[in-house]
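Read through the structure below, which is laid out as structure tokens, and then see the notes.
The values are calculated or read from the model by the stated rules, or taken from the named source; none is laboratory data. Just so it is clear, the structure is predicted and the values come from calculations on it, not from any experiment. A quick note on method: Cβ atoms are made from the backbone with ideal geometry, for glycine too, and the neighbour counts reach across all protein chains shown.
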Ligand SMILES: NC(=O)c1ccc[n+]([C@@H]2O[C@H](COP(=O)([O-])OP(=O)(O)OC[C@H]3O[C@@H](n4cnc5c(N)ncnc54)[C@H](O)[C@@H]3O)[C@@H](O)[C@H]2O)c1
């Protein structure tokens, strides 16, 4: 199979929370990163966020000043048309099939067929996105974790049609980025969210039943299970709306009651208590 495996230039589509982190990671690994977002100013904002993050690494002596400067130089704001010149595309736009489909349709003609498309989706079927992409055998899940520059894991999600060479390529590339790639089959929630979301849902149920308060539930999981973060603080970090959305996918696609989102989660989302991003979820975060 003819795919580009020598990645000098990567296109990152969507430069929000994840796209910015993904762009930073590739830039630190010496790749030129073409950054595109549909929202005006989103790329500028991401470049500023990445700059701050790199400066903090330098302050903490985790990165040399010249390495940070080189990473900053690797970032290039780009238009969709510029993606014709990339060796790999990584998609991190809104978690919405229609949005992703429209983007792939615009890219199908512009981007050479030997360029692999990778999606950072947390819950949409990779096989479905692959079918919509026009290059199903050259489509793969590259599921990074937040904050991307710090988190080691890349869940490499293998769609029904993903070619073995593509899986090999993304596995090797993830290692070159300093990550630990772990391969999973395309299945609702992959492994990460299929295991995490029921844990969060059960913690919410404990809270709702008054078994313990939020801080106690989290402390029990931290001290008893050696988790770095408790499930309720994790839910607040991910965003309660995002958690609800993933649980709905698990419930719908796996069809079992045990994946049903707790009604309290739904009520909190309806009330706008979304976790850190809204200042309040299971814990308070101030302004
Ligand atoms: N936040 C997480 O913890 C996390 C973790 C793993 C995976 N993901 C996945 O990563 C993806 C992005 O999530 P996020 O949290 O960064 O979202 P976000 O809302 O922070 O960023 C999404 C960005 O995509 C842009 N966008 C929307 N439509 C676009 C289009 N057509 N073309 C270009 N840009 C477009 C938006 O303007 C926004 O800047 C989702 O698929 C999500 O499921 C998120």
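A few points about this structure:
- Restricting the stretch 259-287 to residues that are more than 16 Å from the ligand (Cβ to nearest atom) and at pLDDT below 95, the residue that is surrounded by the fewest Cβ atoms within 10 Å (Cβ to Cβ): 287
- Within the stretch 1-30, if we keep just the residues that are near the ligand (Cβ under 8 Å from one of its atoms) and assigned to a loop (DSSP other than H, G, I, E, B), the residue that is surrounded by the most Cβ atoms within 10 Å (Cβ to Cβ) turns out to be 15.
- Evaluation of residue 94 against the conditions (1) within 15 Å of the chain's Cα centre (by Cα); (2) in a helix (DSSP H, G or I); (3) surrounded by fewer than 19 Cβ atoms within 10 Å (Cβ to Cβ) shows that the sole unmet condition is (2).
- Once the stretch 82-104 is narrowed to residues that are within 21 Å of residue 145 (Cα to Cα) and touching a residue at least 40 places away in the same chain (Cβ under 8 Å), the residue that is farthest from the ligand (Cβ to nearest atom) is 88.
- The residues on offer are 134, 159, 178, and the sole one that is surrounded by 17 or more Cβ atoms within 10 Å (Cβ to Cβ) and in contact (Cβ under 8 Å) with a residue 24 or more places away in the chain is 159.
- Residue among 45, 62, 72, 100 that is assigned to a loop (DSSP other than H, G, I, E, B) and modelled with pLDDT of 95 or more: 62
- The listed residue being over 16 Å from the mean Cα position of the chain (by Cα), near the ligand (Cβ under 9 Å from one of its atoms) and surrounded by 18 or more Cβ atoms within 10 Å (Cβ to Cβ), out of 33, 47, 43: 43
- A residue that is assigned by TED's automatic domain parsing to the domain that holds residue 133 and either under 25 Å from residue 137 (Cβ atoms) or within 13 Å of the ligand (Cβ to nearest atom) (or both) occurs somewhere in the stretch 62-77.
- Scope the stretch 139-156; condition in a loop (DSSP other than H, G, I, E, B) and within 12 Å of the ligand (Cβ to nearest atom); matching residues: 144, 145, 146, 147, 148, 151
- Across the stretch 105-112, a minimum of one residue is classified as assigned by TED's automatic domain parsing to the domain that holds residue 35, near the ligand (Cβ under 10 Å from one of its atoms) and either farther than 21 Å from residue 8 by Cβ or assigned to a loop (DSSP other than H, G, I, E, B) (or both).
- Meets criteria (touching a helix residue (DSSP H, G or I) at 6+ places or on another chain (Cβ under 8 Å) and more than 23 Å from residue 166 (Cβ to Cβ)) for residue 55: yes
- Exactly one residue among 85, 16 is farther than 18 Å from residue 133 by Cβ and touching a helix residue (DSSP H, G or I) at 6+ places or on another chain (Cβ under 9 Å), and that residue is 16.
- Of the residues making up the stretch 216-243, those that are more than 15 Å from residue 276 (Cα to Cα) and touching a residue at least 12 places away in the same chain (Cβ under 8 Å) are 217, 218, 221.
- Meets criteria (closer than 18 Å to residue 10 by Cβ and either more than 10 Å from the ligand (Cβ to nearest atom) or surrounded by 22 or more Cβ atoms within 10 Å (Cβ to Cβ) (or both)) for residue 170: yes
- For the stretch 181-257, the helices (runs of 4 or more DSSP H) that sit wholly inside it and include 3 or more residues that are surrounded by 15 or more Cβ atoms within 10 Å (Cβ to Cβ) and within 13 Å of the ligand (Cβ to nearest atom) are 192-208, 231-238, 240-254.
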